[in-house]
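Below is one structure, written out as structure tokens; comments come after it.
The values are calculated or read from the model by the stated rules, or taken from the named source; none is laboratory data. These numbers come from a predicted model, not from an experiment. Here the Cβ positions follow ideal geometry from the backbone for every residue, glycine too, while neighbour counts run over all protein chains shown. The area values use the complete protein model at the heavy-atom level, side chains included, leaving out ligands, DNA and RNA. Shrake-Rupley method; radii C 1.70, N 1.55, O 1.52, S 1.80 Å.
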Amino acid sequence: MVAAIPELPASGYALEVDGRFKAEFTTRDGAKAGGEELKKRFPMLQIRIYDAQTHAREGI
């Protein structure tokens, strides 16, 4: 697992795993692919994609 991000990203996308930001991505597709792979390996985790531009979260 990647180390947690200390603060909200200013741009791009981030994976939020169980309420903590874990990885940053430049594209939404990259974040979605990473989140889906993580969800396959650990289905009990709550994983969301955070969009830094709109400050919105989308569940996987």
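Overview of results
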quantity: Crossing angle, helix 28-41 versus the chain [Cα axis fit, 0-90 degrees, rounded to tens]; calculated: 20
quantity: Reciprocal mean inverse distance between Cα atoms of the chain - Kirkwood radius, Å; calculated: 11.2
quantity: Environment charge at ALA10 (Cβ cut-off 15 Å; Lys +1, Arg +1, Asp -1, Glu -1); calculated: -3
quantity: Probe 1.4 Å - accessible area at GLU24, Å² to nearest ten; calculated: 110
quantity: Neighbourhood charge, 15 Å Cβ-Cβ cut-off, centred on PHE21 and excluding it, Lys, Arg +1 and Asp, Glu -1; calculated: -2
quantity: Given charges at Cβ of Lys, Arg, Asp, Glu: the chain dipole, positive-most of HIS55, THR26, MET44; calculated: MET44
